[in-house]
Amino acid sequence: MKKIGFIPIRKGSKGIIGKNKKKMLGRPLFTWVLAEAIFSNLDQVYVFTDDDEIIDFIKKEYTWTNKVKALKRNEQNANDTATTESAMLEFAEKINNDFEILCLLQATSPLTTSKDIDNAINKITLEHYDSSLTVVKTHRFIWNIDGTPKNYDYLNRPRRQDFDGLLIENGAVYCTTNKAFLSSNNRISGKIGVVEMPEETLIEIDSSSDWIIAENLLIERQKKQKQTKRIEYLVLDVDGVFTDGCVYYSKDGELSKKFDMRDGMGLEIIRQNNVEVVVLTSENSDLVAKRMQKLNIENTFLGVKDKFSFLKDFLHNKNSNFGAVAYVGDDVNDLANLCSVGWSFAPINATNIVKNNVDIVLTNESGKGAIREVCEIILNYNKRYE
């Protein structure tokens with residue numbers, strides 16, 4: 001069965017300006033659910049948007065996968081009054097209804113996981129429902145505006161453990177068969193299955209306070225999933241890790257960066273001890289490319305904006321995972337990875353938000369022996385696996 005993921009994104013946002021592109025843990029908000037969709041059992045994932053900047057981002061950023069495509073959304077289906085269903089119908093027509101299952105994913109649900117997506121799909125493929133949706137169970141007591149209780153008897157107030165609670169849509173994932181969708185023109189119809197997600201996924205990002213809550217939930221989730229094992233990969237940012245964070249320009253462009261020779265020797269030693277070095281930077285710099293070539297670092301990746309998705313794919317292809325990674329970063333664009341890998345490090349002159357969320361804050365500054373210090377820590381740590 002051809003399973004298509006569909007992520008509708010509008011350029012305009014009134015609650016939080018530019019919400020879908022705003023960086024949560026250093027990544028554009030929409031990339032959280034997009035990455036999970038890529039690593040789910042979906043066959044293809046479409047981002048459907050009227051935002052040319054997002055379309056360009058996707059074309060440049062996800063060349064490492066053939067699952068992701070961006071399609072331009074009509075302005076009429078991207079205004080404040082347009083419904084999601086109207087966007088779904090437009091999208092289905094543009095791809096000639098070429099799907100057996102259509103999976104609607106909300107860009108503003110960053111806590112959605114690939115497992116949640118697969119569970120919603122399985123309701124249709126394995127349990128033979130016509131459609132499915134994600135819900136959360138709440139044990140809160142609900143009241144009507146006229147002062148009457150909706151879901152319990154207040155004269156016989158149940159204990160939480162004796163209360164079944166209610167299921168509430170969290171708006172994260174909706175799946176439907178082609179037949180059900182074209183018959184009803186609705187995201188769900190026919191025999192509907194429900195998939196439970198954790199209660200914290202009920203959060204809706206409509207205000208700055210919602211944003212802070214969601215971001216902190218993501219941080220805690222990533223940290224709880226951390227695994228520790230022998231370090232097989234040392235992943236390094238460049239500016240603010242290899243260098244002091246300064247870039248020197250002339251009228252002709254980038255002129256120079258300063259690197260510490262001791263860091264280079266540390267990397268040579270650690271590779272001799274079977275730790276693979278990976279350089280992952282959002283900048284496209286000829287100077288960096290030449291320096292990494294000098295250091296014989298083959299896994300040098302320049303111009304990567306969504307570092308989390310890229311690293312996840314890199315590790316998947318290596319038959320490894322985040323638990324086998326030590327990562328050094330200094331700013332928010334490294335934060336998602338720093339919260340997810342087995343061991344995370346920050347130079348002492350890194351940004352405060354990074355230093356507050358890494359496992360170890362180094363005693364050395366970036367460009368002044370921070371990498372060499374990490375190499376020595378890893379060598380000592382890996383001895384326990386010998």
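The values are calculated or read from the model by the stated rules, or taken from the named source; none is laboratory data. Here the structure is a predicted model, which is why all the values come from computation and not from measurement. All Cβ positions, glycine included, derive from the backbone under ideal geometry; neighbour counts span all protein chains shown.
At-a-glance table
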quantity: Region 269-316, residues that are over 18 Å from L25 (Cα atoms) and of a type in the set (K, R); calculated: R271, K290, R291, K294
quantity: Total residues in region 211-228, condition of a type in the set (D, E) and in contact (Cβ under 8 Å) with a residue 40 or more places away in the chain; calculated: 1
quantity: Test: residue in region 263-284 that is in contact with a Ser or Thr (Cβ under 9 Å, 6 or more places away or on another chain) and basic (K, R); calculated: no
quantity: Pair list, Cβ < 9 Å and 6+ apart or interchain, from region 87-98 residues that are crowded, with 19+ Cβ neighbours inside 10 Å to residues that are part of a helix (DSSP H, G or I); calculated: A87/N77; M88/F181; F91/N77; A92/N178; A92/F181; A92/L182
quantity: Tally, over region 85-118, of residues that are of a type in the set (A, V, I, L, M) and out of contact with any strand residue (DSSP E or B) (no Cβ under 9 Å at 6 or more places or on another chain); calculated: 1
quantity: Residues satisfying the stated conditions in region 182-210, i.e. polar (S, T, N, Q) and without any contact (Cβ under 8 Å) to a residue 60 or more places away in the chain; calculated: S183, S184, S189, S209
quantity: Helices (runs of 4 or more DSSP H) within region 300-386 that include 2 or more residues at pLDDT 95 or above and buried (at least 20 other Cβ atoms within 10 Å of the Cβ); calculated: 307-317, 335-338, 370-382
quantity: Extreme residue, nearest to C175 (Cα to Cα), among residues of region 8-59 that are crowded, with 24+ Cβ neighbours inside 10 Å and β-branched (V, I, T); calculated: V45
quantity: Residue list for region 40-61, filter: assigned to a loop (DSSP other than H, G, I, E, B) and modelled with pLDDT under 95; calculated: D50, D51
quantity: Yes/no for E276 being farther than 26 Å from S109 by Cα, touching a strand residue (DSSP E or B) at 6+ places or on another chain (Cβ under 6 Å), outside the structural domain of I38 (by TED's automatic domain parsing) and among the charged types (D, E, K, R); calculated: yes
quantity: Flag for N284 being among the polar types (S, T, N, Q), closer than 30 Å to E215 by Cβ, surrounded by fewer than 21 Cβ atoms within 10 Å (Cβ to Cβ) and touching a helix residue (DSSP H, G or I) at 6+ places or on another chain (Cβ under 7 Å); calculated: no
